[in-house]
Amino acid sequence: MAEWIADYRERLPSLPVLPDIAPGDVLSKLPESAPEGPEPLEALLEDLDRLIVPGLTHWNHPGFLAYFSSSSSDPGVLAEFIAAALNVNAMLWKTAPAAAELETRMVEWIRRFTGLPSEFEGVLQDTASSSSFTALLAARERALPGTREQGLRPRWNAEGRPRVYQSDQAHSSIDKAVIAAGIGLEGIRRISSDPQFRMDPEALRRQLSADREAGELPVMICATIGTTSTASVDPVAEIAAISAEHGVWLHVDAAYAGPAASLPELRPLFDGWERADSIVLNPHKWLSTPIDCSVLLFRDSEAVRSSLSSTPAYLETGVEARNLMDYGLPLGRRFRALKLWFLFRRQGAEALRDMLRSHIALAMEFADRIRADDRFELAAPPSLSTVCFAAVPPAAAGERDDTEARNSWNRRLLDMVNRRGRVFLSHTELSGRFVLRLAVGSAWVRAEDIEAAFQELIAAYESLRADEPPTTE
Ligand code: PLP
(Lines give C-alpha, C1' and ligand atoms only; values in the text may rest on other atoms or scores of the structure.)
Protein backbone atom coordinates (compact mmCIF):
# COMPACT_ATOMS: atom_id res chain seq x y z
CA MET A 1 0.00 0.00 0.00
CA ALA A 2 2.81 2.40 0.87
CA GLU A 3 4.43 1.59 -2.47
CA TRP A 4 1.15 2.24 -4.23
CA ILE A 5 0.89 5.63 -2.55
CA ALA A 6 4.48 6.56 -3.39
CA ASP A 7 4.03 5.44 -6.99
CA TYR A 8 0.76 7.34 -7.40
CA ARG A 9 2.33 10.50 -6.10
CA GLU A 10 5.29 10.09 -8.44
CA ARG A 11 3.24 9.62 -11.56
CA LEU A 12 0.64 12.28 -10.72
CA PRO A 13 2.15 15.01 -12.92
CA SER A 14 1.82 12.73 -15.96
CA LEU A 15 -1.89 12.05 -15.33
CA PRO A 16 -4.62 14.35 -16.64
CA VAL A 17 -5.76 16.53 -13.75
CA LEU A 18 -9.41 16.13 -14.86
CA PRO A 19 -10.87 12.78 -15.94
CA ASP A 20 -12.45 12.24 -19.33
CA ILE A 21 -15.66 10.90 -17.87
CA ALA A 22 -19.46 11.20 -17.88
CA PRO A 23 -21.81 10.81 -14.92
CA GLY A 24 -22.51 7.12 -14.29
CA ASP A 25 -19.36 5.83 -16.05
CA VAL A 26 -17.76 4.52 -12.86
CA LEU A 27 -21.00 3.38 -11.27
CA SER A 28 -21.81 1.20 -14.26
CA LYS A 29 -18.51 -0.66 -13.84
CA LEU A 30 -18.94 -1.42 -10.14
CA PRO A 31 -20.61 -4.68 -9.07
CA GLU A 32 -24.10 -4.14 -7.69
CA SER A 33 -23.53 -6.20 -4.53
CA ALA A 34 -20.63 -6.79 -2.20
CA PRO A 35 -18.58 -9.97 -2.67
CA GLU A 36 -19.46 -12.86 -0.34
CA GLY A 37 -15.85 -13.79 0.27
CA PRO A 38 -12.54 -11.93 0.54
CA GLU A 39 -10.66 -10.91 -2.59
CA PRO A 40 -6.87 -10.65 -2.91
CA LEU A 41 -5.34 -7.25 -2.28
CA GLU A 42 -3.79 -7.36 -5.79
CA ALA A 43 -7.27 -7.43 -7.35
CA LEU A 44 -8.32 -4.48 -5.28
CA LEU A 45 -5.27 -2.42 -6.20
CA GLU A 46 -5.71 -3.35 -9.84
CA ASP A 47 -9.27 -2.03 -9.76
CA LEU A 48 -8.10 1.08 -7.96
CA ASP A 49 -5.80 1.76 -10.93
CA ARG A 50 -8.32 0.65 -13.54
CA LEU A 51 -11.60 2.12 -12.25
CA ILE A 52 -10.95 4.75 -9.64
CA VAL A 53 -7.76 6.65 -10.50
CA PRO A 54 -8.80 7.39 -14.12
CA GLY A 55 -12.17 8.56 -12.80
CA LEU A 56 -10.80 11.19 -10.41
CA THR A 57 -10.13 14.89 -10.48
CA HIS A 58 -6.67 14.84 -8.95
CA TRP A 59 -6.58 17.43 -6.21
CA ASN A 60 -2.89 16.75 -5.51
CA HIS A 61 -1.98 17.23 -9.17
CA PRO A 62 0.51 20.10 -9.56
CA GLY A 63 -1.72 21.53 -12.30
CA PHE A 64 -4.72 21.78 -9.96
CA LEU A 65 -5.27 25.55 -9.84
CA ALA A 66 -9.05 25.56 -9.40
CA TYR A 67 -11.28 26.51 -6.45
CA PHE A 68 -9.11 26.74 -3.35
CA SER A 69 -6.82 23.77 -3.41
CA SER A 70 -6.61 21.03 -0.85
CA SER A 71 -3.36 19.10 -0.97
CA SER A 72 -1.83 16.44 1.18
CA SER A 73 1.78 16.69 2.23
CA ASP A 74 3.58 13.42 3.08
CA PRO A 75 3.32 13.94 6.86
CA GLY A 76 -0.43 14.43 6.47
CA VAL A 77 -0.81 11.18 4.51
CA LEU A 78 1.15 9.20 7.07
CA ALA A 79 -0.80 10.73 9.94
CA GLU A 80 -4.07 9.69 8.25
CA PHE A 81 -2.72 6.14 7.97
CA ILE A 82 -1.85 6.05 11.66
CA ALA A 83 -5.08 7.77 12.71
CA ALA A 84 -7.04 5.01 10.97
CA ALA A 85 -4.91 2.35 12.62
CA LEU A 86 -5.43 3.89 16.06
CA ASN A 87 -9.07 4.62 15.25
CA VAL A 88 -9.81 6.53 18.42
CA ASN A 89 -12.95 8.57 18.87
CA ALA A 90 -12.10 11.73 20.78
CA MET A 91 -15.69 12.62 21.61
CA LEU A 92 -14.91 12.73 25.34
CA TRP A 93 -11.62 13.33 27.07
CA LYS A 94 -11.98 9.87 28.57
CA THR A 95 -12.52 8.12 25.24
CA ALA A 96 -9.17 9.34 23.88
CA PRO A 97 -7.27 11.45 26.41
CA ALA A 98 -4.11 11.97 24.36
CA ALA A 99 -6.07 12.76 21.20
CA ALA A 100 -8.20 15.31 23.05
CA GLU A 101 -5.17 17.00 24.58
CA LEU A 102 -3.16 16.91 21.35
CA GLU A 103 -6.11 18.62 19.65
CA THR A 104 -6.11 21.35 22.27
CA ARG A 105 -2.39 21.87 21.79
CA MET A 106 -2.60 21.83 17.97
CA VAL A 107 -5.28 24.49 17.99
CA GLU A 108 -2.94 26.49 20.19
CA TRP A 109 -0.06 25.95 17.73
CA ILE A 110 -2.30 27.28 14.94
CA ARG A 111 -3.35 30.21 17.12
CA ARG A 112 0.28 31.14 17.76
CA PHE A 113 1.27 30.46 14.14
CA THR A 114 -1.36 32.95 12.99
CA GLY A 115 -0.54 35.48 15.73
CA LEU A 116 -3.91 35.40 17.52
CA PRO A 117 -4.06 36.36 21.21
CA SER A 118 -4.25 33.79 23.99
CA GLU A 119 -7.93 34.33 24.77
CA PHE A 120 -8.80 32.27 21.70
CA GLU A 121 -9.40 28.58 22.21
CA GLY A 122 -10.83 26.16 19.77
CA VAL A 123 -11.47 22.77 18.28
CA LEU A 124 -10.94 20.99 15.01
CA GLN A 125 -13.97 20.40 12.82
CA ASP A 126 -14.39 18.61 9.53
CA THR A 127 -15.05 21.69 7.39
CA ALA A 128 -15.44 25.43 7.52
CA SER A 129 -19.13 24.84 6.91
CA SER A 130 -19.43 22.99 10.23
CA SER A 131 -17.23 25.53 11.99
CA SER A 132 -19.33 28.49 10.82
CA PHE A 133 -22.54 26.67 11.67
CA THR A 134 -21.27 26.03 15.20
CA ALA A 135 -20.31 29.69 15.53
CA LEU A 136 -23.76 30.78 14.35
CA LEU A 137 -25.46 28.57 16.95
CA ALA A 138 -23.43 30.24 19.68
CA ALA A 139 -24.21 33.69 18.24
CA ARG A 140 -27.89 32.81 18.06
CA GLU A 141 -27.94 31.73 21.70
CA ARG A 142 -26.23 34.93 22.75
CA ALA A 143 -28.69 37.11 20.82
CA LEU A 144 -31.73 35.03 21.77
CA PRO A 145 -30.99 33.32 25.09
CA GLY A 146 -33.11 30.24 25.61
CA THR A 147 -33.41 29.36 21.95
CA ARG A 148 -31.76 26.00 22.58
CA GLU A 149 -34.63 25.16 24.92
CA GLN A 150 -37.60 26.80 23.27
CA GLY A 151 -36.62 26.98 19.62
CA LEU A 152 -36.60 30.22 17.71
CA ARG A 153 -40.25 31.15 17.45
CA PRO A 154 -41.14 32.56 20.88
CA ARG A 155 -38.13 34.88 21.09
CA TRP A 156 -38.30 35.75 17.41
CA ASN A 157 -41.87 36.95 17.89
CA ALA A 158 -41.06 38.90 21.01
CA GLU A 159 -37.77 40.46 19.91
CA GLY A 160 -37.93 40.81 16.17
CA ARG A 161 -36.66 38.90 13.22
CA PRO A 162 -33.15 37.47 13.60
CA ARG A 163 -30.69 38.88 11.06
CA VAL A 164 -27.29 37.74 9.82
CA TYR A 165 -25.02 40.23 8.03
CA GLN A 166 -22.51 39.26 5.39
CA SER A 167 -21.19 40.80 2.20
CA ASP A 168 -22.51 39.83 -1.20
CA GLN A 169 -19.20 37.95 -1.60
CA ALA A 170 -19.55 35.70 1.47
CA HIS A 171 -19.34 31.94 1.02
CA SER A 172 -22.48 29.84 0.59
CA SER A 173 -21.59 27.91 3.77
CA ILE A 174 -22.90 30.90 5.75
CA ASP A 175 -26.18 30.69 3.83
CA LYS A 176 -26.39 27.01 4.70
CA ALA A 177 -25.64 27.71 8.35
CA VAL A 178 -28.45 30.26 8.35
CA ILE A 179 -30.83 27.69 6.87
CA ALA A 180 -29.80 25.02 9.36
CA ALA A 181 -30.01 27.39 12.34
CA GLY A 182 -33.66 28.08 11.54
CA ILE A 183 -33.09 31.74 10.75
CA GLY A 184 -33.92 31.26 7.09
CA LEU A 185 -32.31 32.79 4.04
CA GLU A 186 -34.68 35.74 4.22
CA GLY A 187 -32.94 36.68 7.45
CA ILE A 188 -29.67 37.40 5.62
CA ARG A 189 -28.71 41.00 4.96
CA ARG A 190 -26.34 40.92 1.99
CA ILE A 191 -24.23 44.02 2.43
CA SER A 192 -22.91 45.49 -0.79
CA SER A 193 -19.21 45.32 -1.52
CA ASP A 194 -16.99 47.99 -3.06
CA PRO A 195 -15.42 47.74 -6.53
CA GLN A 196 -12.66 45.63 -4.96
CA PHE A 197 -15.25 43.19 -3.58
CA ARG A 198 -14.77 44.18 0.08
CA MET A 199 -17.73 44.68 2.35
CA ASP A 200 -18.78 48.32 2.57
CA PRO A 201 -18.70 49.06 6.33
CA GLU A 202 -20.87 52.15 6.01
CA ALA A 203 -23.58 50.09 4.30
CA LEU A 204 -23.30 47.60 7.16
CA ARG A 205 -23.65 50.34 9.76
CA ARG A 206 -26.70 51.81 8.02
CA GLN A 207 -28.38 48.42 7.70
CA LEU A 208 -27.77 47.54 11.35
CA SER A 209 -29.20 50.86 12.52
CA ALA A 210 -32.23 50.52 10.25
CA ASP A 211 -32.87 47.00 11.49
CA ARG A 212 -32.55 48.01 15.12
CA GLU A 213 -34.99 50.82 14.55
CA ALA A 214 -37.41 48.45 12.87
CA GLY A 215 -37.23 46.19 15.93
CA GLU A 216 -35.25 43.42 14.26
CA LEU A 217 -32.58 41.38 15.96
CA PRO A 218 -28.99 41.29 14.67
CA VAL A 219 -27.49 37.88 15.49
CA MET A 220 -24.16 37.69 13.69
CA ILE A 221 -21.92 39.60 11.31
CA CYS A 222 -19.70 37.46 9.13
CA ALA A 223 -16.62 39.16 7.69
CA THR A 224 -14.47 37.29 5.19
CA ILE A 225 -10.72 37.40 4.87
CA GLY A 226 -10.12 35.80 1.47
CA THR A 227 -13.48 35.63 -0.27
CA THR A 228 -14.12 32.64 -2.48
CA SER A 229 -14.39 34.45 -5.79
CA THR A 230 -11.56 36.95 -5.63
CA ALA A 231 -9.81 36.42 -2.24
CA SER A 232 -10.80 39.99 -1.36
CA VAL A 233 -10.45 41.00 2.28
CA ASP A 234 -13.26 42.72 4.15
CA PRO A 235 -12.17 45.69 6.31
CA VAL A 236 -12.33 43.65 9.51
CA ALA A 237 -11.09 46.38 11.87
CA GLU A 238 -13.94 48.68 10.85
CA ILE A 239 -16.43 45.84 10.92
CA ALA A 240 -15.20 44.83 14.40
CA ALA A 241 -15.80 48.39 15.63
CA ILE A 242 -19.36 48.31 14.24
CA SER A 243 -20.03 44.90 15.77
CA ALA A 244 -18.83 46.21 19.15
CA GLU A 245 -21.03 49.32 18.81
CA HIS A 246 -24.09 47.15 18.20
CA GLY A 247 -23.06 44.27 20.48
CA VAL A 248 -23.32 41.74 17.66
CA TRP A 249 -21.31 38.51 17.40
CA LEU A 250 -18.52 38.83 14.83
CA HIS A 251 -17.48 35.71 12.95
CA VAL A 252 -14.48 35.85 10.62
CA ASP A 253 -14.39 33.39 7.75
CA ALA A 254 -10.71 33.01 6.88
CA ALA A 255 -11.17 29.44 5.65
CA TYR A 256 -8.70 29.92 2.82
CA ALA A 257 -6.58 32.90 3.81
CA GLY A 258 -6.13 32.20 7.53
CA PRO A 259 -2.70 30.56 7.30
CA ALA A 260 -1.35 33.71 5.59
CA ALA A 261 -1.68 35.52 8.93
CA SER A 262 1.57 33.74 9.78
CA LEU A 263 3.39 36.10 7.38
CA PRO A 264 4.32 39.32 9.21
CA GLU A 265 4.19 41.32 5.96
CA LEU A 266 0.52 40.33 5.50
CA ARG A 267 -0.65 41.01 9.03
CA PRO A 268 -2.29 44.33 8.06
CA LEU A 269 -4.84 42.31 6.06
CA PHE A 270 -5.87 40.62 9.29
CA ASP A 271 -6.16 43.78 11.36
CA GLY A 272 -9.13 43.53 13.67
CA TRP A 273 -9.69 39.77 13.43
CA GLU A 274 -8.32 39.48 16.96
CA ARG A 275 -11.53 41.25 18.06
CA ALA A 276 -13.78 38.61 16.53
CA ASP A 277 -15.92 36.28 18.63
CA SER A 278 -15.13 33.35 16.34
CA ILE A 279 -12.77 32.63 13.48
CA VAL A 280 -12.54 29.74 11.07
CA LEU A 281 -9.50 28.74 9.04
CA ASN A 282 -8.86 25.55 7.15
CA PRO A 283 -5.50 23.79 7.20
CA HIS A 284 -7.09 21.53 4.58
CA LYS A 285 -7.08 24.44 2.17
CA TRP A 286 -3.85 26.41 2.24
CA LEU A 287 -1.75 24.44 4.72
CA SER A 288 -0.98 21.12 3.01
CA THR A 289 -3.23 19.11 5.31
CA PRO A 290 -5.33 16.32 3.80
CA ILE A 291 -9.04 17.02 3.87
CA ASP A 292 -10.67 17.23 6.39
CA CYS A 293 -9.27 19.68 8.93
CA SER A 294 -10.85 23.00 9.87
CA VAL A 295 -9.93 25.06 12.94
CA LEU A 296 -12.72 26.86 14.77
CA LEU A 297 -11.39 29.42 17.23
CA PHE A 298 -13.59 31.24 19.68
CA ARG A 299 -13.10 33.87 22.33
CA ASP A 300 -15.74 32.67 24.79
CA SER A 301 -15.69 28.89 24.92
CA GLU A 302 -18.58 28.85 27.37
CA ALA A 303 -20.79 30.62 24.82
CA VAL A 304 -20.09 27.86 22.33
CA ARG A 305 -20.35 25.03 24.83
CA SER A 306 -23.58 26.18 26.41
CA SER A 307 -25.30 26.70 23.06
CA LEU A 308 -24.94 23.11 21.99
CA SER A 309 -23.83 20.71 24.70
CA SER A 310 -26.10 17.87 25.69
CA THR A 311 -24.83 15.09 27.91
CA PRO A 312 -26.97 12.02 28.50
CA ALA A 313 -26.21 9.64 31.35
CA TYR A 314 -24.39 7.21 29.07
CA LEU A 315 -21.82 9.90 28.19
CA GLU A 316 -21.18 11.09 31.72
CA THR A 317 -17.65 10.30 32.88
CA GLY A 318 -17.28 12.02 36.22
CA VAL A 319 -13.96 13.43 34.99
CA GLU A 320 -13.38 17.20 35.08
CA ALA A 321 -12.03 17.73 31.59
CA ARG A 322 -12.88 19.44 28.32
CA ASN A 323 -15.00 17.15 26.18
CA LEU A 324 -14.68 17.95 22.49
CA MET A 325 -18.20 16.74 21.68
CA ASP A 326 -19.48 19.91 23.36
CA TYR A 327 -18.08 22.21 20.66
CA GLY A 328 -19.79 20.97 17.55
CA LEU A 329 -22.66 18.97 16.19
CA PRO A 330 -21.10 15.51 15.73
CA LEU A 331 -20.53 13.31 18.73
CA GLY A 332 -17.88 11.09 17.18
CA ARG A 333 -14.71 12.75 15.98
CA ARG A 334 -11.69 11.65 14.02
CA PHE A 335 -8.15 12.05 15.29
CA ARG A 336 -7.47 15.07 13.08
CA ALA A 337 -4.90 16.64 15.38
CA LEU A 338 -2.36 14.01 14.39
CA LYS A 339 -2.18 15.54 10.91
CA LEU A 340 -1.24 18.95 12.23
CA TRP A 341 1.25 17.49 14.67
CA PHE A 342 3.01 15.53 11.93
CA LEU A 343 2.89 18.47 9.55
CA PHE A 344 4.38 21.03 11.91
CA ARG A 345 6.98 18.65 13.29
CA ARG A 346 8.14 17.23 9.95
CA GLN A 347 8.11 20.53 8.05
CA GLY A 348 8.41 23.26 10.64
CA ALA A 349 6.57 26.56 10.63
CA GLU A 350 9.26 28.28 8.57
CA ALA A 351 8.85 25.92 5.61
CA LEU A 352 5.09 26.45 5.72
CA ARG A 353 5.56 30.21 5.65
CA ASP A 354 7.99 29.81 2.73
CA MET A 355 5.37 27.79 0.87
CA LEU A 356 2.71 30.46 1.37
CA ARG A 357 5.11 33.16 0.16
CA SER A 358 6.05 31.16 -2.90
CA HIS A 359 2.39 30.65 -3.80
CA ILE A 360 1.69 34.35 -3.53
CA ALA A 361 4.74 35.12 -5.70
CA LEU A 362 3.60 32.59 -8.34
CA ALA A 363 0.11 34.09 -8.42
CA MET A 364 1.49 37.62 -8.73
CA GLU A 365 3.79 36.56 -11.59
CA PHE A 366 0.81 35.02 -13.34
CA ALA A 367 -1.16 38.25 -12.83
CA ASP A 368 1.74 40.16 -14.41
CA ARG A 369 1.62 37.88 -17.47
CA ILE A 370 -2.11 38.52 -17.79
CA ARG A 371 -1.62 42.28 -17.44
CA ALA A 372 1.05 42.31 -20.09
CA ASP A 373 -0.94 40.39 -22.71
CA ASP A 374 -3.72 42.24 -24.48
CA ARG A 375 -5.61 39.01 -25.13
CA PHE A 376 -6.46 38.97 -21.42
CA GLU A 377 -7.38 41.35 -18.64
CA LEU A 378 -7.59 41.17 -14.88
CA ALA A 379 -11.17 40.98 -13.61
CA ALA A 380 -10.39 41.83 -9.97
CA PRO A 381 -7.30 42.99 -8.10
CA PRO A 382 -5.10 39.89 -7.61
CA SER A 383 -5.18 39.02 -3.93
CA LEU A 384 -3.06 36.63 -1.89
CA SER A 385 -2.59 33.64 -4.23
CA THR A 386 -5.74 34.14 -6.33
CA VAL A 387 -6.11 35.79 -9.72
CA CYS A 388 -9.42 36.47 -11.50
CA PHE A 389 -9.13 37.33 -15.14
CA ALA A 390 -10.93 37.10 -18.46
CA ALA A 391 -10.02 36.69 -22.08
CA VAL A 392 -10.78 39.63 -24.33
CA PRO A 393 -12.17 38.10 -27.51
CA PRO A 394 -10.42 39.26 -30.69
CA ALA A 395 -12.06 42.32 -32.22
CA ALA A 396 -12.76 40.31 -35.36
CA ALA A 397 -14.86 37.85 -33.38
CA GLY A 398 -17.39 40.64 -32.82
CA GLU A 399 -17.82 39.44 -29.22
CA ARG A 400 -16.00 42.17 -27.37
CA ASP A 401 -18.79 44.45 -26.39
CA ASP A 402 -21.61 42.05 -25.78
CA THR A 403 -21.39 40.64 -22.25
CA GLU A 404 -23.21 37.42 -23.08
CA ALA A 405 -21.06 36.75 -26.13
CA ARG A 406 -17.94 37.56 -24.15
CA ASN A 407 -19.02 35.24 -21.36
CA SER A 408 -19.66 32.47 -23.82
CA TRP A 409 -16.21 32.97 -25.37
CA ASN A 410 -14.62 32.68 -21.94
CA ARG A 411 -16.67 29.61 -21.10
CA ARG A 412 -15.49 27.88 -24.26
CA LEU A 413 -11.91 28.91 -23.57
CA LEU A 414 -12.00 27.50 -20.03
CA ASP A 415 -13.59 24.30 -21.22
CA MET A 416 -10.90 23.87 -23.84
CA VAL A 417 -8.08 24.45 -21.34
CA ASN A 418 -9.54 22.05 -18.80
CA ARG A 419 -10.29 19.33 -21.33
CA ARG A 420 -6.64 19.15 -22.26
CA GLY A 421 -5.83 17.90 -18.76
CA ARG A 422 -2.55 19.70 -18.11
CA VAL A 423 -4.06 22.24 -15.71
CA PHE A 424 -7.43 22.77 -14.08
CA LEU A 425 -8.74 26.31 -13.62
CA SER A 426 -12.15 27.29 -12.28
CA HIS A 427 -14.45 30.24 -12.80
CA THR A 428 -16.70 32.62 -10.97
CA GLU A 429 -19.15 35.38 -11.73
CA LEU A 430 -18.36 39.00 -10.97
CA SER A 431 -21.05 41.62 -11.61
CA GLY A 432 -22.65 39.42 -14.25
CA ARG A 433 -19.36 38.56 -15.94
CA PHE A 434 -18.09 35.02 -16.35
CA VAL A 435 -14.56 35.19 -15.05
CA LEU A 436 -11.66 32.72 -15.03
CA ARG A 437 -9.89 32.05 -11.80
CA LEU A 438 -6.46 30.69 -10.92
CA ALA A 439 -5.70 29.96 -7.29
CA VAL A 440 -2.30 28.69 -6.15
CA GLY A 441 -2.32 26.71 -2.94
CA SER A 442 -1.19 23.15 -3.44
CA ALA A 443 1.87 21.72 -1.74
CA TRP A 444 2.76 20.25 -5.14
CA VAL A 445 2.56 23.25 -7.43
CA ARG A 446 5.73 24.32 -9.28
CA ALA A 447 6.62 27.42 -11.32
CA GLU A 448 6.38 25.31 -14.48
CA ASP A 449 2.72 24.56 -13.74
CA ILE A 450 1.83 28.25 -13.65
CA GLU A 451 3.77 28.75 -16.87
CA ALA A 452 1.86 25.78 -18.36
CA ALA A 453 -1.44 27.39 -17.32
CA PHE A 454 -0.50 30.54 -19.18
CA GLN A 455 0.63 28.63 -22.27
CA GLU A 456 -2.56 26.55 -22.25
CA LEU A 457 -4.62 29.74 -22.12
CA ILE A 458 -2.74 31.24 -25.05
CA ALA A 459 -3.07 28.04 -27.06
CA ALA A 460 -6.80 27.82 -26.36
CA TYR A 461 -7.24 31.48 -27.20
CA GLU A 462 -5.48 31.13 -30.56
CA SER A 463 -7.34 27.97 -31.41
CA LEU A 464 -10.68 29.60 -30.62
CA ARG A 465 -9.67 32.54 -32.75
CA ALA A 466 -8.71 30.24 -35.63
CA ASP A 467 -11.47 27.77 -34.85
CA GLU A 468 -8.91 24.94 -34.70
CA PRO A 469 -7.85 22.52 -31.94
CA PRO A 470 -5.25 24.05 -29.60
CA THR A 471 -1.53 23.21 -29.77
CA THR A 472 1.20 23.96 -27.25
CA GLU A 473 4.88 23.06 -27.39
N1 PLP B 1 -15.42 29.82 3.41
C2 PLP B 1 -14.73 30.19 2.32
C3 PLP B 1 -14.24 31.60 2.19
C4 PLP B 1 -14.49 29.25 1.31
O5 PLP B 1 -13.85 29.62 0.19
C6 PLP B 1 -14.96 27.93 1.47
C7 PLP B 1 -14.71 26.92 0.44
O8 PLP B 1 -14.03 27.12 -0.53
C9 PLP B 1 -15.67 27.61 2.63
C10 PLP B 1 -15.89 28.58 3.58
C11 PLP B 1 -16.22 26.22 2.86
O12 PLP B 1 -15.20 25.35 3.18
P13 PLP B 1 -15.49 23.84 3.61
O14 PLP B 1 -15.49 23.06 2.35
O15 PLP B 1 -14.36 23.48 4.52
O16 PLP B 1 -16.81 23.80 4.29
Using θ = phi - 60° and the Karplus form 6.51 cos²θ - 1.76 cosθ + 1.60, what ³J(HN,Hα) does each residue of segment 81-91 get, whole Hz, x for Gly and Pro?
-> 4, 6, 4, 5, 5, 6, 6, 8, 10, 8, 5
Under a point-charge model restricted to the Cβ atoms of Lys and Arg (+1) and Asp and Glu (-1), what is the dipole moment magnitude of segment 89-334 relative to its Cα centre, in debye to the nearest 20?
-> 360
Rg(Cα)/(2.2 N^0.38 Å) for the chain, N = residue count | 1.04
Express in nm, to one decimal, how much length is gained between Asp20 and Ser358 on full extension, taking 0.36 nm for each residue of separation and deducting their alpha carbon distance.
-> 118.6 nm
Using a ≥ b ≥ c from the Cα gyration tensor of segment 1-159 (square roots of the eigenvalues), is it rounded, prolate or oblate, where a/c under 1.5 gives rounded and otherwise the larger of a/b and b/c decides, a/b for prolate?
-> prolate
Top positive-direction residue, dipole computed over segment 89-334 with Cβ charges, set Pro201, Ala255, Ala276 | Ala255
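If you roll a 1.4 Å probe over segment 89-334 with all protein chains in place, what percent of the accessible area is carbon or sulfur?
Details: 4670 of 9360 Å².
So the carbon and sulfur contribution to the accessible surface is 50 percent.
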Using the heavy atoms of the protein chains alone and a 1.4 angstrom probe, what is the accessible area of segment 89-334 per residue in square angstrom?
-> 38
Could I have the simple spin-label model distance between Ala98 and Ser118, label points 7 Å from Cα toward Cβ, reported in nm to one decimal?
-> 2.7
Which cross-chain or sequence-distant (5 or more) residues have an amide H under 5 Å from the amide H of Ile191, H modelled 1.01 Å from N in plane?
-> Gln166, Ser167, Asp168
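Kirkwood hydrodynamic radius for segment 89-334: how many Å is it when counted over pairs of different Cα atoms?
For segment 89-334, the Kirkwood estimate is 18.2 Å.
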So which of Lys29/Lys176; Lys29/Lys285; Lys94/Lys339 end up more than 23 Å apart by C-alpha?
-> Lys29/Lys176; Lys29/Lys285
For segment 239-248, Karplus-derived ³J(HN,Hα) couplings (6.51, -1.76, 1.60; θ = phi - 60°; whole Hz; x for glycine and proline) come out as 5, 5, 5, 5, 5, 5, 3, 9, x, 10
Considering amide H positions built from the backbone, and no H for Pro or chain starts, which residues 5 or more places from Ser385, or on another chain, come under 5 Å of its amide H?
-> none
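Determine, for each peptide in 236-246, 210-220, the mean count of other beta carbons within 10 angstrom over its residues, then list the peptides with the highest first.
Working: 236-246: 19.2, 210-220: 16.9.
By packing density, highest mean first, the sequence is 236-246, 210-220.
Quick check: with the 1.4 Å probe, what order do Ile21, Ile191, Ile291 take by accessible area, largest first? Spell out each step's value before the answer.
Values: Ile21 70, Ile191 5, Ile291 110 Å².
Most to least solvent-accessible, the answer reads Ile291, Ile21, Ile191.
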Roughly how many debye, to the nearest 20, is the charge dipole of the chain about its Cα centre, given +1 on each Lys and Arg Cβ, -1 on each Asp and Glu Cβ, and no other charges?
-> 980
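The values are calculated or read from the model by the stated rules, or taken from the named source; none is laboratory data. The structure displayed is predicted, hence computed values, not measured ones. All Cβ positions, glycine included, derive from the backbone under ideal geometry; neighbour counts span all protein chains shown. Areas reflect the complete protein model, heavy atoms only, side chains present, ligands, DNA and RNA absent. Shrake-Rupley method; radii C 1.70, N 1.55, O 1.52, S 1.80 Å.
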